[in-house]
């Protein structure tokens with residue numbers, strides 16, 4: 001090859017989407033594909049609430065031009081007010097709206113660490129954090145989530161991983177891919193470690209309203225008022241508006257007063273002009289409007305998660321911790337396999353069941369997993385799990 005890409009670009013991978021390439025090849029052969037890989041409710045039988053579309057359509061003229069790079073004022077004010085309701089001290093001037101939370105993760109990672117410095121990431125983790133580290137030449141260090149403890153972070157593991165080059169701790173709660181909702185005690189212990197070592201906390205809480213149990217969700221910044229916290233959220237998951245591509249990041253009062261981090265993130269935002277303008281008008285009605293759609297959708301997700309948890313644990317060689325939030329689960333493969341990537345690829349090619357291999361998220365050494373999304377109907381999930389069980393019986397007696 002005469003012209004090669006840069007090393008940093010070549011290093012970036014995104015297994016959640018990458019496996020779709022193989023799924024399309026299998027589908028082209030006429031095989032039915034069971035898509036249990038993409039966490040997009042709108043690809044199934046969920047719809048974006050009507051009042052969000054009404055808000056977008058009502059502002060067509062205003063939305064035709066560039067918006068302010070940091071986001072429209074009414075949306076930033078609504079986000080700041082919503083955070084204050086959750087016990088987080090912040091102001092609209094310390095809020096930025098992005099093209100989905102994905103864009104803002106890149107901005108945040110690039111702002112908190114220089115090349116060669118380190119950010120602590122959970123393992124398993126959302127793969128975009130690793131991709132950002134690879135591209136920005138940041139050194140990721142991983143702390144385990146304890147499968148035997150409902151996928152809660154191993155707090156002592158966090159402490160052991162901190163070095164003089166560590167700049168931040170990433171918290172993904174509720175967690176993708178595990179579906180866990182961390183306890184308040186765990187979060188308080190993590191806050192204590194961050195305080196002890198002067199670390200920034202990156203709190204990705206984009207599933208904070210998708211709770212399946214009675215256990216409440218605790219906002220990290222509500223516990224860490226004397227710590228620098230960047231809180232991140234958006235419309236995609238809680239408000240079933242993935243295609244709107246509206247996410248946001250907010251600095252708590254302590255970070256805003258003791259750091260130039262938010263200034264740097266805002267400056268990065270100016271360099272890309274703005275996020276998509278029309279859909280920003282959905283933020284205020286989303287945060288302040290009717291929420292009846294949420295319970296209706298959670299009822300479906302809860303039913304599908306409960307079915308998936310029960311059915312997966314019935315399959316010999318598979319075990320699954322019951323999810324507490326979101327529509328993900330991270331089953332463990334308790335079979336003699338060489339790699340879960342190989343297992344998942346063979347499963348896809350033979351049965352059409354498309355899940356994401358655990359290696360793509362990272363996992364505790366010596367373990368094998370895959371991630372599912374419990375978004376298809378119970379009927380489709382049942383067919384997929386039957387295929388999985390038949391595959392295991394055939395190849396792993």
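Pairs linking a residue in the stretch 164-190 that is on the phi > 0 side of the Ramachandran plot and not assigned by TED's automatic domain parsing to the domain that holds residue 320 to a residue that is in a helix (DSSP H, G or I) and crowded, with 24+ Cβ neighbours inside 10 Å, with Cβ atoms under 9 Å and 6 or more positions apart or on different chains, are 179/305. In contact (Cβ under 8 Å) with a residue 60 or more places away in the chain and part of a loop (DSSP other than H, G, I, E, B), is that true of residue 231? Criteria not met by residue 231. One residue alone among 392, 372 is out of contact with any helix residue (DSSP H, G or I) (no Cβ under 8 Å at 6 or more places or on another chain) and buried (at least 17 other Cβ atoms within 10 Å of the Cβ), and that residue is 392.
Counting only residues that are touching a strand residue (DSSP E or B) at 6+ places or on another chain (Cβ under 9 Å) and under 21 Å from residue 218 (Cβ atoms), the stretch 74-85 holds 4 of them. Candidates are the residues of the stretch 184-208 that are in contact with a strand residue (DSSP E or B) (Cβ under 6 Å, 6 or more places away or on another chain) and not in a loop (DSSP other than H, G, I, E, B); the one that is surrounded by the most Cβ atoms within 10 Å (Cβ to Cβ) is 204. Set side by side, the residues 322, 295, 316, 303 differ, and just one is surrounded by fewer than 19 Cβ atoms within 10 Å (Cβ to Cβ), in contact with a helix residue (DSSP H, G or I) (Cβ under 9 Å, 6 or more places away or on another chain) and not in a loop (DSSP other than H, G, I, E, B), which is 303.
Tell me yes or no: at least one residue of the stretch 273-282 is at pLDDT below 95, out of contact with any strand residue (DSSP E or B) (no Cβ under 8 Å at 6 or more places or on another chain) and surrounded by fewer than 19 Cβ atoms within 10 Å (Cβ to Cβ). Yes.
Would you be able to say whether some residue in the stretch 346-362 is closer than 27 Å to residue 299 by Cβ, more than 21 Å from the chain's Cα centre (by Cα) and assigned to a strand (DSSP E or B)?
Yes, the stretch 346-362 contains a residue that is closer than 27 Å to residue 299 by Cβ, more than 21 Å from the chain's Cα centre (by Cα) and assigned to a strand (DSSP E or B).
One residue stands out among those in the stretch 144-163 that are assigned to a strand (DSSP E or B) and in contact (Cβ under 8 Å) with a residue 24 or more places away in the chain: the one that is farthest from residue 109 (Cα to Cα), which is 152.
The set of residues in the stretch 352-369 being more than 18 Å from residue 130 (Cβ to Cβ) and surrounded by fewer than 22 Cβ atoms within 10 Å (Cβ to Cβ) consists of 352, 366.
For a quick check of your reading: which helices (runs of 4 or more DSSP H) sit entirely within the stretch 1-83 and have at least 2 residues that are more than 24 Å from the chain's Cα centre (by Cα)?
15-28, 50-57
Quick one: is residue 308 within 21 Å of the chain's Cα centre (by Cα) and either within 21 Å of residue 45 (Cβ to Cβ) or not in a loop (DSSP other than H, G, I, E, B) (or both)?
yes
Residues of the stretch 105-137 that are buried (at least 19 other Cβ atoms within 10 Å of the Cβ) and in a loop (DSSP other than H, G, I, E, B): 113, 124, 125, 126. For the stretch 258-291, a residue qualifies if it is in contact (Cβ under 8 Å) with a residue 12 or more places away in the chain and part of a loop (DSSP other than H, G, I, E, B), and the qualifying residues are 259, 272, 273, 274, 275, 276, 277, 289, 290. For residue 336, the conditions (1) at pLDDT below 95; (2) closer than 26 Å to residue 27 by Cα; (3) over 22 Å from the mean Cα position of the chain (by Cα) are fulfilled apart from (2). Residues in the stretch 94-104 that are in contact with a helix residue (DSSP H, G or I) (Cβ under 7 Å, 6 or more places away or on another chain) and either buried (at least 24 other Cβ atoms within 10 Å of the Cβ) or not in a helix (DSSP H, G or I) (or both): 94, 95, 96, 97, 98.
The values are calculated or read from the model by the stated rules, or taken from the named source; none is laboratory data. Computed from a predicted model, the values in this text were never measured in an experiment. Note that we place each Cβ from the backbone using ideal geometry, even for glycine, and neighbour counts take in every protein chain shown.
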